[in-house]
Amino acid sequence: MRALLFMALCLLSAPALAAGPEKGSSVEGLFVDLDPIVLPIVDGGRVTQSVTFAITLEFAGPADADRARLLKPRLADGFVTALYGMLNDANAPKRGLVDAAEAKKRLLRKAQEILGEARVKAVLLQAVQQRGI
């Protein structure tokens, strides 16, 4: 019975979701999804874990988002360097969880370095998956 009620609610709300924002409302910023980044964590000369980051960037305007789409390879390269340095720092905990707040700071700094400080509003971590090997 609960499942039927849930399905009915989903079907009723689907047209509203598909229609997008209501007329007269504004959508703040634009978002650009990047390809997932998978990095190893090395401890004692061997790979002990892998970490996957799903990253989305938020921009103030369409021109900034278009520029980011064109520079995706440069962004990916900069992000790999920034995250790899963070994950494999000698002072980083090797068995603990990834510091998502620190990762966001580093990614925002790198994105602003590549695209311009005023262009990038935020870095959103859609997912961070950490797996032992």
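Can you pull out the residues in region 87-127 that are under 18 Å from A65 (Cα atoms), surrounded by fewer than 11 Cβ atoms within 10 Å (Cβ to Cβ) and at pLDDT 95 or above?
none
Could you go through region 45-68 and let me know if any residue there is under 25 Å from E117 (Cβ atoms), assigned to a loop (DSSP other than H, G, I, E, B) and modelled with pLDDT of 95 or more.
There is no residue in region 45-68 that is under 25 Å from E117 (Cβ atoms), assigned to a loop (DSSP other than H, G, I, E, B) and modelled with pLDDT of 95 or more.
Looking at region 33-64, which of its residues are within 13 Å of A111 (Cβ to Cβ) and charged (D, E, K, R)?
E58, D64
The values are calculated or read from the model by the stated rules, or taken from the named source; none is laboratory data. The structure presented is a predicted model; accordingly, all values stated were derived computationally and were not measured. Glycine also receives a Cβ, built like all others from the backbone with ideal geometry; neighbour counts cover every protein chain displayed.
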